[in-house]
Every structure is written in structure tokens, then in C-alpha cells.
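Visitor: Sharing a structure with you now.
Readers should treat all values here as calculations from the given coordinates under stated rules, not as data from a laboratory. Keep in mind that what you see is a predicted model, and the values were worked out from it rather than measured. FYI the Cβ positions are ideal-geometry reconstructions off the backbone, even for glycines, and counts take in every protein chain you see.
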Amino acid sequence: MASASTLSRSPAHPAAQAHAADAGNPEFLTTEEAAVFLRLSPRTLEKQRVLGGGPRYRKFGARVLYAVGDLRAWADSRAYGMTSDPGSPQRANVR
């Protein structure tokens, strides 16, 4: 019979190790976590869910979650080399 000290020294099951790694680096983020990830305000993401143009999100009941892969893809789709690039966002005159 294995003692408690022997069990604690045995390597964890690979699936358990993967799950533990995911806890520190989750695949899905809340609105607040996604906002920190993108360096935006949570309110900006909330507005984009209503108006469109924001990253894809998922609904689990009333809970809204963002997949990290979707956040990266959305951010990558907004990469430009210079302001004259085709598709580069142009702001209307702010005055």
C-alpha cells in the first residue's frame, strides 16, 4: 500500500497538469479580463457587443466570455503599417 508521502511525490496525471496550467492561462476571459488583455475599457467592449465591430464573444446563459484566440484575431485584423494603408481607420474631423 502506498503511503501519503509516496502519493504526494508521484507525478500528476497529464490531464490534471494541463488543467492546472489552464487555470493560470484561461482560454476564456470575462469582459473585464478581455478589456485588460486588449487595454480597452470594459464599457468599450459592451458597446461593441451592441453596435458591432468588436471581437467575437460567447454567451453561456447570462455570462459573456471571450476566447483568447478571438481576441488575438480581432486585434490582428486591426494591424496597419501606416495611416495611408487601405482600410486604415480614418477619423472624422474632431472639431
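Visitor: So what is the orientation-averaged projected area of segment 25-76, using the convex hull of its C-alpha atoms, in nm²? Walk me through the numbers on the way to the answer.
Guide: Values: hull surface 13.6 nm².
With every direction weighted equally, the projected area is 3.4 nm².
Visitor: Arrange the peptides 61-72, 27-38 so that the one whose residues have, on average, the most other Cβ atoms within 10 Å appears first. Please report the intermediate quantities before stating the final value.
Guide: Working: 61-72: 14.5, 27-38: 16.4.
Taking the mean over residues of other Cβ atoms within 10 Å, the ranking is 27-38, 61-72.
Visitor: Roughly what would the spin-label model give for Q48 and T30, points 7 Å off Cα along C-beta, in nm?
Guide: 1.9 nm
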